Amino acid sequence: MKKFLLTSVFVFIGSLAFAQERIAVFPFEDMENVLTRNESVMFYREFSNEFTNRSAGKFSVVPRQEVERLINTEAAFQLSDFSARAKTAEMQRVLNGTQILSGLIGKLNNNIRITVSLYTYPELVQLPGGVTLSVANKNELFSKIPELVQSMQNIITGGGREQSIPEGLMYEIVDNKTVTITDYIGNAATVNIPSQIDGLLVTSIGDFVFTNNGSLTSINIPASVTFIGIGAFSNCSSLTSVTIPASVTFIGDSAFSLCRSLTSITVDNRNPVYTSIDGVLFDKNIRTLIQYPIGRNQRTYIIPSSVTSIGKDAFALCDNLTSVTIPSSVTFIGEGAFASCDNLTSVTIPSSVTFIGEGAFGSFNGLTSLAVDNRNPAYASIDGVLFDKNIRTLIQYPIGRNQGTYVIPSSVTSIGKYAFNGSRLTSVTIPSSVISIGKGAFNACSSLTSVTIPASVTSIGENTFSQCYSLTSFTVDNRNPVFTSVDGVIYDKNIRTLIQYPVGKNQGTYVIPFSVTSIKNSAFFACFNLTSVTIPPSVTSIGSYTFINCQNLTSVSLSRRTQVEEYAFPETTRITYRD
C-alpha cells in the first residue's frame, strides 16, 4: 500500500453520497513532531471514538480495534508505517473497499495546523472535501475534535457546497476515466480548478493552458492533479504564488517561466518528486533547479551545492538578479536558463559544466562578460565571449558590451544560434573559416549597418538577420558556391530563393527578380520602409512571417497558385489576385 498523499489546501465540497460505505479512521500524520507518541495515540483514539459515536447509524464505521491490529504502537504514528506490502492483504480484508478518514498535523508559524481528508481505498485517491483548522496549543487541538468530526460528517453527507467549473475553463474527458484541463479563456483573478468534473477526477493540466494570462493572480491546483504540462502557466504576469500539491509527479518544461510577479513556489512537503527551498522549485533530491520565481526582490542568489542541472528557462527574465553563483556541482545548463536577466552583468561558468543549451545567456542587456574556469573540458571564453573548448564555435557574445566592432577569431567555423541576438554591435567581421551561421545568430542587432558573408559560408539559418533595423546591405563574396547578393539582398546562388532583405534599406518599393520561386520565412520581417513589393508569377511559395510587421505595406498582388504560409502578411495588407 502506498503512502497517503495529503495537501494543506482544502475546499468544502458537497453532494458526496457515502452513507452506504464503510469508513475507517486512521492515525493522523504528525509531520513535525507536534505531539508526543502517547499524545498521538490519544488524539487518534479520541477522534476515532468521536467519529463512531456521532455516526449514530449514518455510516458504517470500521471498528477502531480492527484498524489498530495493523498498527505497531511502539512506532511513531506515521502513515508510512502502513506501506509494508505484507500488510496490504490484511488491510484489504479489514477495509473491504471503504473510504479512509485521516489527516495531517503540523506547524503554521507559532500555531498548530490540522487538516482532515477522505480517501478511496485501495486507490488512495483524495476525495473532494476536507477541513483545515489552526489552533494555538495542544489543549485547543484536542478540544476541536468534535468540531472536526462534525465538519467531516457534514461534508460526507452533502453538507458542503457544490464544486463549480470556472467560466472559461476548457476540459477534455480522457477514456471516460479522467479529466484534462486543455485551455482557459477567462479573465478571472483567481481560478479554482475543480478536483472533479462530471464525476471524474481532474488529473492533468495540459500544455500552455494559462500561458500569457495577465489577469491570473492566484491559482488553486487540486490534490487530484498529477500532471502539469509544458508552459502551463508561463508568462502569467500577475501570478504571485503557486502551491503544488503532493499528488503532482510531473511538471513540464517552463511551466512557471516568465511570470514577472511570481515570488514563491511552495511544494507540499510530502510530494515524492518535487520540493521547494525558500520558494525555489527543485526536484526532490535537489539535483535539478527547475524554476526560480523571477518576481522575488532578491539581488543575489547562490545555487545549492547539490544541484547538477539548471532547467530550461529557470531564471529567464529575472531582472532583479545582479549576481548568481553557479556551484562546481553543475554539469548542465538548460536552454534559455538565464535569458534576458538584464541586470546580471557577469557570469562565471565552473569547470564542471559540460552542456550549455541554446540561448542560455542570451539577450542580457547588461551582460558584459562570460567567464569560464580554464579547467573546463568543454567550454572556453576569450575576452568575455563564450566558445567551445577548441574555439571552433562561437556560442554567446555578451550583448551588454559597449563595443562597436568585433572580429570573430579565425579558428571559428560555426556561429551558434542566437549568438549575437540583441547585440549593439555596429560592425562584425566574419572570417573565411566560418562555414555555418546559426538560426537567429544576429537577430535584433539593431545597430548593425552592413554584413559581408565570406565564400566559406554554406549554411545560413532562419531569422539570422531579422530585425536588424540599421542594416542596409549584405555583401556576399562572389566566390561563394551557395549564396549571392543582388542589390544588397541575399539569395541562393541561382537567385531562385530570396533569403534575407536588409530591413534598414531606405527603399519604399522593391521588385523581386523574375527568377525567384520562393521567399524564405521572415525574409522581410519588420521592414518598415517598404511600401510596395512586386512579387512575380514565378514565385510559388512564401514562407511564414515573411512580411509581418511591414506596417506600410498596404497591398500586394499575387498569383492564386502561390502557396502562402500562415502569418505571411500583416492583417492590414490587402491581397489581390491577378489570375
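The values are calculated or read from the model by the stated rules, or taken from the named source; none is laboratory data. Note that this is a predicted model, so its numbers are computed, not measured. All Cβ positions, even for glycine, are placed from backbone atoms using ideal geometry, and neighbour counts span all protein chains on display.
Descriptive notes on the structure:
- Of the strands (runs of 3 or more DSSP E) entirely within segment 412-488, none holds at least 2 residues that are aliphatic (A, V, I, L, M), at pLDDT 95 or above and within 30 Å of Asp342 (Cβ to Cβ).
- Identity of the residue in segment 47-59, within 45 Å of the chain's Cα centre (by Cα) and of a type outside the set (Ser, Thr, Tyr), that ends up farthest from Val116 (Cα to Cα): Phe59
- Within segment 249-264, not a single residue is in the same structural domain as Ala223 (by TED's automatic domain parsing), surrounded by 17 or more Cβ atoms within 10 Å (Cβ to Cβ) and over 30 Å from Ser215 (Cβ atoms).
- With respect to (1) at pLDDT below 90; (2) in a strand (DSSP E or B), the lone exception for Thr180 is condition (1).
- In segment 551-569, the residues that are more than 17 Å from Lys520 (Cβ to Cβ) reach residues that are among the acidic types (Asp, Glu) with C-beta atoms within less than 7 angstrom, at least six apart or across chains, in these pairs: Ser559/Asp579; Arg560/Asp579.
- Test result for Thr546, under 27 Å from Ser470 (Cα atoms), free of Cβ contacts under 8 Å to residues at least 40 places away in the same chain and surrounded by 13 or more Cβ atoms within 10 Å (Cβ to Cβ): yes
- Complete set of residues in segment 507-538 that are more than 16 Å from Thr573 (Cβ to Cβ) and among the aliphatic types (A, V, I, L, M): Val511, Val516
- Scanning segment 240-252 for residues that are of a type outside the set (Val, Ile, Thr) and modelled with pLDDT under 95 gives Ser241, Pro245, Ala246, Ser247.
- Complete set of residues in segment 305-353 that are buried (at least 22 other Cβ atoms within 10 Å of the Cβ), at pLDDT below 95 and more than 21 Å from Val385 (Cα to Cα): Cys318
- The numbered conditions (1) touching a Cys at 6+ places or on another chain (Cβ under 8 Å); (2) exposed (fewer than 15 other Cβ atoms within 10 Å of the Cβ) are all true for Asp579 except (1).
- Evaluated against (1) surrounded by 18 or more Cβ atoms within 10 Å (Cβ to Cβ); (2) under 30 Å from Phe51 (Cβ atoms); (3) out of contact with any Pro (no Cβ under 9 Å at 6 or more places or on another chain), Pro146 falls short on exactly one condition, (1).
- Listed by position, the helices (runs of 4 or more DSSP H) enclosed by segment 37-149 that each have at least 1 residues that are of a type in the set (Gly, Ala, Ser) and modelled with pLDDT under 85 are 37-55, 88-95.
- Candidates in segment 382-411 are the residues that are within 28 Å of the chain's Cα centre (by Cα) and in a loop (DSSP other than H, G, I, E, B); of these, the one that is surrounded by the most Cβ atoms within 10 Å (Cβ to Cβ) is Tyr397.
Quick grid of which residues meet (1) surrounded by 16 or more Cβ atoms within 10 Å (Cβ to Cβ); (2) β-branched (Val, Ile, Thr):
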| site | (1), (2) |
| --- | --- |
| Ile460 | yes, yes |
| Ser466 | yes, no |
| Val476 | yes, yes |
| Val486 | no, yes |
| Asn494 | no, no |
| Ile499 | yes, yes |
| Lys505 | yes, no |
| Thr509 | no, yes |
| Cys527 | yes, no |
